[in-house]
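One structure is given here, and the rest of the page talks about it.
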Protein chains: 2
Amino acid sequence: MLKTPYLLFLGDAPDQLAAKTAQGVRDWRPEFALGQMRLANCKADLGLDEMDIAQAWEAGARTLVIGAANRGGVMSDDWMPILIEALEKGMDIASGLHDRLQDRPEIVAAAKASDTRLIDVRTPQNKYPIGNGAARKGKRCLAVGTDCSVGKMYTALAMEKAMREAGMKATFRATGQTGILITGSGVPLDAVVADFMAGSIEWLTPDNDDDHWDLIEGQGSLFHPSFSGVTMALIHGGRPDALVLCHEPTRTHMRGLPHYKLPTLEALRDLSLETARIVNPDVRVTGVSVNTAAMSEDEAKAYLTKVEDRMGLPTVDPYRHGAARLAEAL
Amino acid sequence: MLKTPYLLFLGDAPDQLAAKTAQGVRDWRPEFALGQMRLANCKADLGLDEMDIAQAWEAGARTLVIGAANRGGVMSDDWMPILIEALEKGMDIASGLHDRLQDRPEIVAAAKASDTRLIDVRTPQNKYPIGNGAARKGKRCLAVGTDCSVGKMYTALAMEKAMREAGMKATFRATGQTGILITGSGVPLDAVVADFMAGSIEWLTPDNDDDHWDLIEGQGSLFHPSFSGVTMALIHGGRPDALVLCHEPTRTHMRGLPHYKLPTLEALRDLSLETARIVNPDVRVTGVSVNTAAMSEDEAKAYLTKVEDRMGLPTVDPYRHGAARLAEAL
């Protein structure tokens, strides 16, 4: 659990896309996004107040979040004096980079001296139990995809927002590093040891109010051979009551695998239901979320209508049109 | 890769069952089972030559395998002088216990001083790649089960034996600690980090001769919610050409999960094929392996005949009747 609010450190991000983690915090948890700190050559800008470490601390920031990747995803030596200053001031540091805070002796020493925490969100921070497949109180919705990176995190966050706006009880449950940094907690599922995958998701989605929904961030795809085991653990550990199918219609092959075609939405529906029914016979598919970023507005509308007719399910692009219809379907 | 042959250390095993790892070596790799070493209160006996460390070294033993668990699965303090003597003599030590060799400073120091290796086979010994789902040369057969612990390892080992006896090229590929100790290599899949599960199995079953079969040890079950993700990674990483269905007919619920019934063999066949076809459209189910240990000979025969008629597949208990028919079906 990260302490909030955050100072979002953008470093020397070469473009706006490199700051997508920080952008995610700003978009989905604006109450955590106290200010931004940028180096001279930073090309990203979130439009937040510019703060140095002292100003951010004074304003209440309690965690410095490394919200941008430079080329290579490594921690630049130029960042070290800033990170150490933040620790000395009393802030924790959280990072989703491959390059770990824990592997930098000067950072570890500064954190120890100031009794602050270093949180590499790609590294599991808990010991998780082995899953037990038991029913839990409350409701759960899982986003599943025809492929990796088709908008599963975005869909779950947009549904959480729409549900809260409609007065429903809803909590996004992060299963990847970006989602964890955005919401301040979660399970970095792809870094969890195999035996504990399902148990980590049970831990993440505990008993709750009968009318509360967990919106579980999906990972991978049952149809992506590199990561299908991770997806399976999400389906069985998450024990979903509802599944939302996520798809990117212009993709010509599975991400990173030119020799694999994407499955149809029907195939995704059928295999997801078949596997989810092993833990919850009452699971339903409640909607389709399509990432139409590569289409014009007219193309997108035509495509969504066609899929809605074909599948008989509410079908939206939550980025273009919001997720209200996916939320209503629950 | 463990150095062979082994001195099998049985410690103070309270009964024969506690020495099942050592028994597995003796049954399946007798050429590795050079001798046994037992403490005064040991109740297990493999019928091998009794050797002390000096005698075993002299006879050629190059790894001391901890082949028994005492109560609690921990390493007893009484063992320490023996383990240190083995290391000083020049032997490696291999262990499948939860309690790790690497966590015992006196053992680590002795190994360092003598330039010998400590191999905790539950701990991955390699950095594995991310899976790429690509086709590989040679053939692969995977044992899948209606539940955990229904005889998948035994089935694959018995098939390897039957195939070798029939002059076929066959290699058992271990995916759990017992199998690794028996054959001297493998992947401890349940301890691999989620993202690398499928890749570790691709690594374990590389390109081979066109007429060579890998017999891949199964883990968990697609129908066991605690471990289904591990099984899925085996199906997609192993890219099997053939699947053998494994079952224990007297079990009343999934192992450790009283609220889950076992699936039918038909359900196992269908879901295994559906998921395996994602990576290999030509995959077939070639046989059924039933653990009939809890049945009389007559009951077992009647049950096997009934299943064979129902499924239209060669159906055997490899422990009672050998695996020749499963091998022929490939």
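No value in this document is a laboratory result; all are computed from the given coordinates. Here the structure is a predicted model, which is why all the values come from computation and not from measurement. Cβ coordinates were reconstructed from backbone atoms using ideal geometry, including for glycine residues, and neighbour counts include every protein chain displayed.
Key figures for this structure:
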{"read-out": "Near-label residues of segment B:293-330 by backbone N, under 11 Å of a point 7 Å along Cα→Cβ of B:Met168", "value": "B:323-330"}
{"read-out": "Fraction of antiparallel bridges per DSSP, the protein assembly as shown only, in percent to nearest 5", "value": "5 percent"}
{"read-out": "Greater than 19 Å apart at Cα, pairs in B:Lys20/B:Lys127; B:Lys139/B:Lys161; B:Lys89/B:Lys112; A:Lys127/B:Lys127", "value": "B:Lys20/B:Lys127; A:Lys127/B:Lys127"}
{"read-out": "Amide H contacts of B:Gly145 (H built 1.01 Å from N, under 5 Å, at least 5 apart or other chain)", "value": "B:Leu222, B:Cys246"}
{"read-out": "Anisotropy class of segment B:212-312 from Cα gyration tensor, a/c 1.5 cut", "value": "oblate"}
{"read-out": "Long-range HN-HN contacts of B:Arg140 with modeled amide H, under 5 Å", "value": "B:Asp214, B:Asp241, B:Ala242"}
{"read-out": "Rel. contact order, % - alpha carbon contacts under 8 angstrom, at least six apart, chain A", "value": "15 percent"}
{"read-out": "When the protein assembly as shown is reduced to its Cα atoms, the Kirkwood hydrodynamic radius in Å", "value": "27.0 Å"}
{"read-out": "Linear extension gain, B:Asp209 paired with B:Ala54, 0.36 nm per residue minus alpha-carbon span", "value": "51.7 nm"}
{"read-out": "Relative contact order (%) - segment A:1-117, alpha-carbon pairs under 8 angstrom, separation at least six", "value": "28 percent"}
{"read-out": "Structure-based [θ]222 nm, the protein assembly as shown - -39500 (n - 2.57) summed over DSSP H runs of at least 4, per residue, nearest 500", "value": "-9500 deg cm²/dmol"}
{"read-out": "In segment B:34-73, trypsin sites (Lys or Arg not before Pro) in a DSSP loop with at most 16 other beta-carbon atoms within 10 Å", "value": "B:Lys43, B:Arg71"}
{"read-out": "Net charge of Cβ neighbours under 11 Å - reference B:Ile84; Lys, Arg +1; Asp, Glu -1", "value": "-1"}
{"read-out": "From phi via Karplus (6.51, -1.76, 1.60), per-residue ³J(HN,Hα) for segment B:46-56 in Hz, x at Gly/Pro", "value": "9, x, 8, 4, 7, 9, 8, 4, 4, 5, 5"}
{"read-out": "Inter-copy spacing of A:Glu85 label points, which lie 7 Å from Cα along Cα→Cβ, given in nm from shortest upward", "value": "6.4"}
{"read-out": "Dimensionless Rg ratio for chain B, taking C-alpha atoms and the 2.2 N^0.38 Å reference", "value": "1.01"}
{"read-out": "Exam field: B:Glu50 pseudo-label spacings to other copies (7 Å along Cα-Cβ), nanometres", "value": "8.3"}
{"read-out": "Global form of segment A:1-118, assessed from the alpha-carbon gyration tensor, a/c cut-off 1.5", "value": "oblate"}
{"read-out": "Using a 7 Å Cα-to-Cβ projection, B:Asn208 label spacings across copies, nm, ascending", "value": "4.6"}
{"read-out": "Candidate aspartates and glutamates for bridging to A:Lys43, where Cα separation is under 15 Å - those fewer than 8 sequence places away on the same chain excluded", "value": "A:Asp12, A:Asp15"}
{"read-out": "Whole-Hz ³J(HN,Hα) from phi, Karplus 6.51 cos²θ - 1.76 cosθ + 1.60, for segment B:7-19, glycine and proline x", "value": "9, 8, 8, 9, x, 10, 3, x, 7, 5, 4, 5, 9"}
{"read-out": "Cut-off under 5 Å, modelled amide H: who pairs with B:Thr315 long-range", "value": "B:Val288"}
{"read-out": "Derived scalar couplings ³J(HN,Hα) [segment A:178-185; Karplus, 6.51 cos²θ - 1.76 cosθ + 1.60; whole Hz; x for Gly, Pro]", "value": "5, x, 5, 5, 5, 9, x, 7"}
